[in-house]
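Working notes for the structure below.
The values are calculated or read from the model by the stated rules, or taken from the named source; none is laboratory data. Every value quoted in this text rests on a predicted model; they were computed, and no experiment measured them. Every residue, glycine among them, receives a Cβ derived from its backbone with ideal geometry; neighbour counts consider all protein chains shown.
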Amino acid sequence: MEKQQFDSLRQQMIAEVVAETVFLTSQLGKAALNARVIEVMSKIPRHEFVPLELQPYAYLNRPLPIGYDKTISQPFIVALMTDLLEPQPGDSVLEVGAGVGYQAAILSELVKHVYGIELIDELARNARRRLQRLGYHNIEVHIGNGYYGWPDHAPFDKIMVTAAPDLIPPPLIAQLKPGGKMVIPTGIPDNQQLVLVEKAESGKLVTTEILPVRFSPLDESGDTAGTLSS
């Protein structure tokens, strides 16, 4: 497909994300996501992050398979989670479940540095190569179990988790700075909620359930598969 066609499809994807936000106003408590998040998503080439044979479908508002029984998350969920995190230019962000690197690329445009952890060796190595080729130089991708975070670079201003543990992992709570935010899906597979975790300066946690979602479990087999739950 030609670049112009991808550009057109990407704008259509953004229109669908905007429309879905309006549709979910009562659950989200707002009718629009942060304009900067939408602006960044409108220029990131999602087709570069999916298998070649799926590039014509890259801008559909749904998850797509990336191999290893994993998916790249639904664009609306990517946009919502990024918005909830409230990324700031000086932030250091941990992403658990780096997958193909699409979410990391979006965050990299909004923060100072992104540290991604991916359990599946080949996905992590491919993400590194892809991000370097596309010119993203403020992202590091580490192969490891994201349940335990990345202590060497902690604490983090923000943490985004794209796989669902039953309960919020204590190591991630410990690695979140006071005043920081974490966005994480939690719960058993058929009853997951997207949760915003806010850590007060005192260390006290406040959790807010946002809406039902469906993600791969955060366990020994790892990471991403984000979509709205039906």
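Scanning the stretch 174-192 for residues that are over 15 Å from the mean Cα position of the chain (by Cα) and either under 23 Å from Ser73 (Cβ atoms) or in contact (Cβ under 8 Å) with a residue 60 or more places away in the chain (or both) yields Gln175, Leu176, Gly180, Gly187, Ile188, Pro189, Asp190, Asn191, Gln192. The set of residues from the stretch 147-195 being assigned to a helix (DSSP H, G or I), of a type outside the set (Phe, Trp, Tyr) and either closer than 21 Å to Thr208 by Cβ or in contact with a helix residue (DSSP H, G or I) (Cβ under 8 Å, 6 or more places away or on another chain) (or both) comprises Pro151, Pro170, Pro171, Leu172, Ile173, Ala174, Gln175. For the stretch 124-133, the condition holds for no residue, the condition being that it is touching a residue at least 40 places away in the same chain (Cβ under 8 Å) and outside any helix (DSSP H, G or I).
Would you mention how many residues in the stretch 35-83 are under 12 Å from Val18 (Cα atoms) and of a type outside the set (Phe, Trp, Tyr)?
First, the residues of the stretch 35-83 that are under 12 Å from Val18 (Cα atoms): 35, 37-39, 41-42, 61, 75-77, 79-80.
Within this subset, residues satisfying the condition of being of a type outside the set (Phe, Trp, Tyr) are 35, 37-39, 41-42, 61, 75, 77, 79-80.
Residues in the stretch 35-83 being under 12 Å from Val18 (Cα atoms) and of a type outside the set (Phe, Trp, Tyr): 11 in total.
Only one of the numbered conditions (1) modelled with pLDDT under 95; (2) within 20 Å of Lys43 (Cβ to Cβ) is not met by Leu80, and that is (1). Looking at Val78, Val114, Val96, just one residue is surrounded by 23 or more Cβ atoms within 10 Å (Cβ to Cβ), over 19 Å from Val213 (Cβ atoms) and not aromatic (Phe, Trp, Tyr), and that residue is Val114. Just checking, which of Val22, Val18, Val37 is surrounded by fewer than 17 Cβ atoms within 10 Å (Cβ to Cβ), under 20 Å from Glu109 (Cα atoms) and among the aliphatic types (A, V, I, L, M)? Going through Val22, Val18, Val37 in turn, just one is surrounded by fewer than 17 Cβ atoms within 10 Å (Cβ to Cβ), under 20 Å from Glu109 (Cα atoms) and among the aliphatic types (A, V, I, L, M): Val18.
Quick one: is Leu107 part of a helix (DSSP H, G or I) and touching a strand residue (DSSP E or B) at 6+ places or on another chain (Cβ under 9 Å)?
Values: part of a helix (DSSP H, G or I): yes; touching a strand residue (DSSP E or B) at 6+ places or on another chain (Cβ under 9 Å): yes.
So Leu107 fits the description; yes.
Per this entry, Arg10 is not counted among residues that are loosely packed, with under 15 Cβ neighbours inside 10 Å and assigned to a helix (DSSP H, G or I).
Of all residues in the stretch 15-31, count the ones that are in contact with a helix residue (DSSP H, G or I) (Cβ under 6 Å, 6 or more places away or on another chain) and among the hydrophobic types (A, V, I, L, M, F, W, C).
2
Quick grid of which residues meet (1) over 27 Å from Ser26 (Cβ atoms); (2) crowded, with 21+ Cβ neighbours inside 10 Å; (3) modelled with pLDDT of 95 or more; (4) out of contact with any Asp or Glu (no Cβ under 7 Å at 6 or more places or on another chain):
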{"position": "Pro165", "(1), (2), (3), (4)": "yes, no, no, yes"}
{"position": "Asn191", "(1), (2), (3), (4)": "no, no, no, yes"}
{"position": "Glu198", "(1), (2), (3), (4)": "no, no, yes, yes"}
{"position": "Glu201", "(1), (2), (3), (4)": "yes, no, no, yes"}
{"position": "Val206", "(1), (2), (3), (4)": "no, no, yes, no"}
{"position": "Ser221", "(1), (2), (3), (4)": "yes, no, no, yes"}
{"position": "Ala225", "(1), (2), (3), (4)": "no, yes, no, yes"}
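Output the residue which, of all residues in the stretch 25-84 that are in a helix (DSSP H, G or I) and small (Gly, Ala, Ser), is farthest from Ala124 (Cα to Cα). Before you say what the answer is, go through the steps one by one.
Start the filter on the stretch 25-84 by keeping residues that are in a helix (DSSP H, G or I), which leaves 25-28, 35-41, 46-49, 52-57, 75-84.
Checking which are small (Gly, Ala, Ser) leaves us with 26, 35, 79.
Working: Ser26: 37, Ala35: 30, Ala79: 22 Å.
Looking at residues that are in a helix (DSSP H, G or I) and small (Gly, Ala, Ser), I get Ser26.
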